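Trainee: Sharing a structure with you now.
The values are calculated or read from the model by the stated rules, or taken from the named source; none is laboratory data. No experiment lies behind these values; they were computed from the predicted model shown. All Cβ positions, even for glycine, are placed from backbone atoms using ideal geometry, and neighbour counts span all protein chains on display.
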Amino acid sequence: MSTPASARPARSRNPRGEGGRLREDVLAAATELLDESGDQSSVTLRSIARRVGVAAPSIYRHFPDQPSIMLAVVQQAFAMLETELRSALDAAGSDARGRLVALCNAYLDFADQNPGRYRTMFGGVWMPDLGTSSVTEDDVSSLGGESLTLFADALDDCVRAGRATSDDPAADAVALWLGLHGLAHQRLVTVAFPWPADIAERLITTLAHLDDV
């Protein structure tokens, strides 16, 4: 019988020159705990240390506090989201409208496939009052910036191609993201609701001011 991940034996000391491996192990363990439970409150220094097989104080050599671990998890999740959004654009062809719709659907798919990470990406109990931990305002304000730029650029392309009537693509991209985020969040937390089959299409078309064709 294999040993459960939560009861792994003590981790052996890193070979000289591989001290950075512990940081990656801590980050991987935190992500595993989040994915398994879907609850960011389960990601504590003690649970991470138990999963990795180290004493909790050894984590402080790489992360000054629990929020800094969660920040790293969230930054990694946003990087993963950006990769999937870019892949959707690459596969969508040259039609500006089709590219924006593909981008939006990829965003919704990411949220659906990564519920625990998605909820954590947008705040929650892990995010401290700024000034009370190592997490800074700049750390928080930079989250998701690249992904939002992809939406703004895709919407601007639609305007240039005559497929959207937005007069402020940057602002409308924020409105579009808010709509997508609201839909994604409600799909995750609502136990049962008769969502219209075309609700995503309706939302995207309206908020991005797209043509109906």
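Trainee: What number of residues within region 185-206 are touching a helix residue (DSSP H, G or I) at 6+ places or on another chain (Cβ under 9 Å) and farther than 13 Å from residue 158 by Cα?
Mentor: Residues of region 185-206 that are touching a helix residue (DSSP H, G or I) at 6+ places or on another chain (Cβ under 9 Å), as a first pass: 185, 187-189, 193, 195-196, 199-201, 203-206.
Still in the list and also farther than 13 Å from residue 158 by Cα: 185, 187-189, 193, 195-196, 199-201, 203, 206.
The total comes to 12.
Trainee: What residue, of 143, 148, 183, 155, is touching an Asp or Glu at 6+ places or on another chain (Cβ under 9 Å) and in contact (Cβ under 8 Å) with a residue 12 or more places away in the chain? Break it down stepwise before answering.
Mentor: Details: 143 fails: touching an Asp or Glu at 6+ places or on another chain (Cβ under 9 Å); 148 fails: touching an Asp or Glu at 6+ places or on another chain (Cβ under 9 Å); 183 fails: touching an Asp or Glu at 6+ places or on another chain (Cβ under 9 Å).
It is 155.
Trainee: Search region 81-103 for residues that are more than 14 Å from residue 176 (Cβ to Cβ) and among the hydroxyl-bearing types (Ser, Thr, Tyr) and pair each with any residue that is at pLDDT below 95 and surrounded by fewer than 13 Cβ atoms within 10 Å (Cβ to Cβ) when their beta-carbon atoms are under 7 Å apart and the residues are at least 6 apart or on different chains.
Mentor: If the second residue must be at pLDDT below 95 and surrounded by fewer than 13 Cβ atoms within 10 Å (Cβ to Cβ), no pairs are left.
Trainee: Another question, if that's okay. For the structure I just gave you, tell me whether residue 46 is exposed (fewer than 15 other Cβ atoms within 10 Å of the Cβ), modelled with pLDDT of 90 or more and not assigned by TED's automatic domain parsing to the domain that holds residue 80.
Mentor: Numbers: exposed (fewer than 15 other Cβ atoms within 10 Å of the Cβ): yes; modelled with pLDDT of 90 or more: yes; not assigned by TED's automatic domain parsing to the domain that holds residue 80: yes.
Against the criterion (exposed (fewer than 15 other Cβ atoms within 10 Å of the Cβ), modelled with pLDDT of 90 or more and not assigned by TED's automatic domain parsing to the domain that holds residue 80), residue 46 qualifies.
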